[in-house]
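Step one of this worksheet: look at the structure below.
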Amino acid sequence: MKKIEMTEAIILAKKSAKMSWEALAEKVGLSTTFVTSACLGMNSLKKEPAEKLCEVLGLDEEVAITLQEYPNKTWDFTIPQDPLVYRLYEVVGVYGETIKEIVGEKFGDGIMSAIDFSLDIYKEENPLGDRVVITMNGKFLPYKSW
């Protein structure tokens, strides 16, 4: 089974179960963001959570095995067309250099890990319009001299 087939099977089963990503992640025992990313093929799960996810959704062992396979983290390099994904692309385009400058001042020359990393998405209720709060938390990795 390919990752795309795995993702399609998971989304169909999730839809059939009328289950949210948050509810699924809670049953699996991992964060909503990480479980969703693994189900979309961009991360992998260890054996126990992969099997638990498949048990919850009534999916077969082939899906569990594919969930455990290392992903090929590639994506389409064209400008995203989905409005929400495009706005995130735009945020990085507009604020990416600013983020780099501020991280450089605070930490030095290096990068934020996307391996030792977490991403959380929250809803902040606001009378002027609800807010999307996205928190990225990654270990700082300084560049080494040799």
Determine if the range 108-120 includes at least one residue that is touching a Cys at 6+ places or on another chain (Cβ under 7 Å) and closer than 26 Å to Ala13 by Cβ.
no
State the number of residues belonging to the range 1-31 that are among the basic types (Lys, Arg) and within 21 Å of Tyr70 (Cβ to Cβ).
2
When the range 89-131 is examined, which residues are found to be surrounded by 11 or more Cβ atoms within 10 Å (Cβ to Cβ) and either in contact with a Lys or Arg (Cβ under 8 Å, 6 or more places away or on another chain) or in the same structural domain as Asn43 (by TED's automatic domain parsing) (or both)?
Met112, Ser113, Asp116, Phe117
Can you give me the ranges of the helices (runs of 4 or more DSSP H) entirely in the range 7-103 with at least 2 residues that are acidic (Asp, Glu)?
21-28, 47-57, 61-68
Among the numbered criteria (1) closer than 30 Å to Ser145 by Cα; (2) assigned by TED's automatic domain parsing to the domain that holds Ile11, which single criterion is violated by Ala50?
(1)
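Residue-by-condition table, conditions (1) closer than 16 Å to Leu119 by Cβ; (2) more than 14 Å from the chain's Cα centre (by Cα); (3) at pLDDT 95 or above; (4) loosely packed, with under 14 Cβ neighbours inside 10 Å:
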| site | (1), (2), (3), (4) |
| --- | --- |
| Ile11 | no, yes, yes, yes |
| Thr33 | yes, no, no, no |
| Asn43 | yes, no, no, no |
| Leu57 | no, yes, yes, no |
| Asp60 | no, yes, yes, yes |
Please verify whether Ser20 is out of contact with any strand residue (DSSP E or B) (no Cβ under 7 Å at 6 or more places or on another chain) and loosely packed, with under 13 Cβ neighbours inside 10 Å, treating the condition exactly as stated.
yes
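The values are calculated or read from the model by the stated rules, or taken from the named source; none is laboratory data. Predicted, not measured: the structure shown is a model, and the values here were computed from it. All Cβ positions, glycine included, derive from the backbone under ideal geometry; neighbour counts span all protein chains shown.
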